[in-house]
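This report concerns only the one structure given below.
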Amino acid sequence: NRRKMKDDNVLEIPSIPNPFPELCCSPFASVLSASLLPKATSRKKQVIKVYSEDDTSRALEVPSDITARDVCQLLILKNHYIDDHSWTLFEQLTQTGLGRAIEDHELVMEVQSNWVMEEENKLYFRKNYAKYEFFKNPLSFFPDHMISFPSETDAAVSHSGVLQMFLSSSTYPEIHGYLHAKEQGKKSWKKLYFLLRRSGLYFSTKGTSKEPRHLQFFCEFSNSDMYMSLTGKKISGAPTNYGFCFKPNKSGGTRDLKQLCADDEQSRTCWMTAIRLLKYGMQLYQNYMQPYQGRSGCSPLNVTPMRSISENSLVAMDFSGHKSRIIENPTEALSVAVEEGLAWRRRGCLRLNSHGSPIAMSNMGMSIHRSQSWFHHKISREEAQRLILQHGLVDGVFLVRDSQSNPKTFVLSLSHGLKIKHFQIVPLEDDGKLFYTLDDGHTRFTDLIQLVEFYQLNKGVLPCKLKHYCARIAL
């Protein structure tokens with residue numbers, strides 16, 4: 001009772017207001033203002049500007065520690081694009097005519113911190129189908145005549161084993177071959193025999209000798225980035241169009257560039273792929289595997305695409321007679337498929353143009369391809385090649401464009417075997433109807449859409465099927 005009376009007396013004492021409330025901290029609610037808290041845990045935000053192929057741009061407010069992959073994911077969500085893991089952030093140095101695909105794990109702000117204020121450099125958001133293609137198809141990236149293995153390694157090494165050697169820390173395959181090197185401070189180029197080893201890039205001062213006394217150090221990669229030449233011979237005066245270079249971080253200008261030039265695209269691709277693997281190693285494989293994480297630990301290197309049961313049971317059928325029959329002759333099955341496609345296209349045109357005249361329908365059939373993402377109206381052969389190169393020289397990357405030499409024809413530009421090939425699409429008139437063909441009229445199509453859809457399913461006269469189209473996206 002005495003203790004209770006004492007507590008009651010304490011409660012009856014009037015409370016004295018605290019003259020310094022900001023120095024107190026209640027156990028139930030924080031009194032400190034957010035501005036008084038330390039900002040060590042807060043993430044600073046900055047604004048970056050990203051361009052697309054049609055030169056539209058979008059400004060994004062992003063954290064200072066955002067990676068290139070995170071920027072791509074943000075743009076995919078904002079523009080409602082399909083994420084097929086081929087979207088890439090591309091760095092273009094306008095003044096020097098250089099460009100490179102920024103690796104998924106790189107910090108965007110660190111990339112921009114190496115830019116010179118006077119230069120109008122840009123970040124592009126585009127597809128790059130060749131980004132991790134060497135994990136899927138190493139045979140095309142590492143030709144046998146450019147690669148050798150340590151003496152203690154078994155001579156018979158598979159191409160998948162080559163990748164494992166690139167990613168390991170103990171052994172490393174040697175890349176060797178001739179490259180044109182631009183002499184420092186001069187306009188001349190010199191052809192030298194180069195060797196890529198774990199310690200860096202070397203060239204031989206005596207022919208193809210690999211003796212240590214004949215090897216001279218050329219470049220290492222920890223403090224520099226590798227760029228591809230986008231302008232070919234125009235700026236640097238290179239002997240071929242397959243140039244690449246090394247630009248040191250915090251570079252003072254073009255005088256610090258170490259420029260090289262290969263004789264063909266396969267050689268350049270091999271050198272640049274090997275240097276990427278040497279510089280980033282296992283990080284590249286983690287970037288490649290990240291979209292597949294959480295899928296029962298299955299590696300895409302070991303998983304083969306499976307067809308569904310219904311797809312395995314599909315057969316060509318003929319329903320023209322009283323009884324249906326299976327078409328066993330492949331030639332007959334192909335002709336029936338083409339006829340069925342033509343009939344479907346004619347019915348589709350009639351449905352689309354039910355309120356138009358026959359002339360309007362024919363005009364629409366001739367121009368319906370202009371709304372397709374793979375069609376590029378009036379671009380030159382060089383611009384088409386540049387666009388395909390930027391999307392990656394993977395088999396099946398293509399676009400359709402107007403022919404500059406013949407205004408009535410079109411051209412299908414296609415990547416195959418690390419080369420870009422061009423096929424003329426010729427209009428053909430038969431019995432008052434207009435068709436399009438790639439093989440001198442043996443296979444005919446009512447419009448370009450039907451032609452593209454056919455060669456997406458059938459190789460035909462082409463070296464490979466049409467797989468990825470080059471599109472000028474808008475942000």
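Coordinate-derived values only; no laboratory data. Note that the structure is predicted; figures quoted are calculated from it, not measured. With ideal geometry, Cβ positions are generated from the backbone for all residues, glycine too; neighbour counts draw on all protein chains shown.
Given that compact globular proteins tend to follow 2.2 N^0.38 Å, what is the ratio of the alpha-carbon Rg of segment 53-113 to that value?
Ratio of Rg to 2.2 N^0.38 Å for segment 53-113: 1.15.
Just to be sure I follow: if Rg is taken over the C-alpha atoms of segment 133-290 and Rh is the Kirkwood radius over the same atoms, what is Rg/Rh?
Radius of gyration over Kirkwood radius for segment 133-290 works out to 0.95.
Go through segment 196-294 and name the trypsin sites (Lys or Arg not before Pro) that are in a DSSP coil and have 12 or fewer other Cβ atoms within 10 Å of their Cβ.
Hits after loop and neighbour filter: R198, K206, K250.
Using the Kirkwood radius over Cα pairs, work out the Stokes-Einstein diffusion coefficient for segment 157-239 at 20 °C and 1.002 mPa s, in µm²/s as a whole number.
144
From the gyration tensor of the Cα coordinates in segment 370-469, what semi-axes in whole Å does the equivalent ellipsoid have, largest first, with each one equal to sqrt(5λ)?
One finds semi-axes of 22, 15, 11 Å for segment 370-469.
Cα centroid distance between segment 451-475 and segment 381-402, in Å?
11
Can you list the chymotrypsin sites (Phe, Trp or Tyr not before Pro) in segment 67-144 that are in a DSSP coil and have 16 or fewer other beta carbons within 10 angstrom?
Y81, W115
Would you work out the relative contact order for segment 370-469, in percent, from Cα pairs under 8 angstrom that are 6 or more residues apart?
22 percent.
Would you kindly state how much longer the chain becomes between Q95 and I76 on full extension, computed as 0.36 nm times their sequence separation minus their alpha carbon distance, in nm to one decimal?
Using 0.36 nm per residue and subtracting the Cα-Cα distance, I get 3.9 nm.
What ³J(HN,Hα) values, in whole Hz, does the Karplus curve 6.51 cos²θ - 1.76 cosθ + 1.60 give for segment 415-420 when θ = phi - 60°, with x put for Gly and Pro?
9, 7, x, 6, 10, 10
Any of K127/K187; K186/K206; K45/K233 with alpha carbons more than 30 Å apart? Name them for me.
Pairs exceeding the cut-off: K127/K187; K45/K233.
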